[in-house]
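Asks: To start, I am sharing the structure in question, which I have written as structure tokens.
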Amino acid sequence: MQTIYSFTQFFNSVCLSHPNIETFNVSDDMFDADTAKQTLFPLAYMVLNNATINGYSAMTYNVNLLVMDRVTDVTQDSTSKFNSITKNYKGVTNLLDVWNTSMMTLSDIIVYIKNNAQPYQFSISDDVILTPFQERLDNALAGFSAVMNITVPFNPSNCLFYNVSDAQADGGINGCN
């Protein structure tokens, strides 16, 4: 049976293996993100929304995986001498860069999980919703979030605990030896 620990450890390993992720955190609220500029960005942040027991054989976690970075002001003093990328838009921040990089990073992570999670017995839903965001915190964070359902095996035990009156009943607890 997969636990929350093994589930989050799998995401931790996958996210920190990506070259665009410096830090991975798990919480129930994105606003717990370190805004005191102590965290190394870009940051992957997993929010566990809920879990559903499917019959007696699987559990489905609904998670929100966010990839974010700080939005900074763009200076216009570059001569593009060493920059081979030409941007055809004008802006005062790097918001589009942050959105682009975080969306591509999330896409990489999702494809990796879909193609390589079977040894860990995780399966990701076919449809994953990607949504851009921009938060006005101390660090003015922006990025993309992915809402997905991950199904893992679940094999609960009837004998994990029991009521004393059940144990004293004739025949004991159903299914326990």
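Asks: Search the structure for amide H atoms under 5 Å from the amide H of Thr93, placed 1.01 Å from N in the peptide plane, and list their residues when 5 or more places away or on another chain.
Replies: The list, which skips near neighbours in sequence, is Val74.
Asks: Once the whole set of protein chains is in place, how much accessible area is left on Asp73, using a 1.4 Å probe, in Å² to the nearest 10?
Replies: 130 Å²
Asks: Work out from phi, with θ = phi - 60° and the Karplus expression 6.51 cos²θ - 1.76 cosθ + 1.60, the ³J(HN,Hα) of each residue of the stretch 54-61, listed in order in whole Hz, and give x for Gly and Pro.
Replies: 9, x, 10, 10, 8, 10, 10, 8
The values are calculated or read from the model by the stated rules, or taken from the named source; none is laboratory data. These numbers come from a predicted model, not from an experiment. When the accessible area is computed, the model is the full protein with side chains, heavy atoms only, and any ligands, DNA or RNA have been set aside. Shrake-Rupley method; radii C 1.70, N 1.55, O 1.52, S 1.80 Å.
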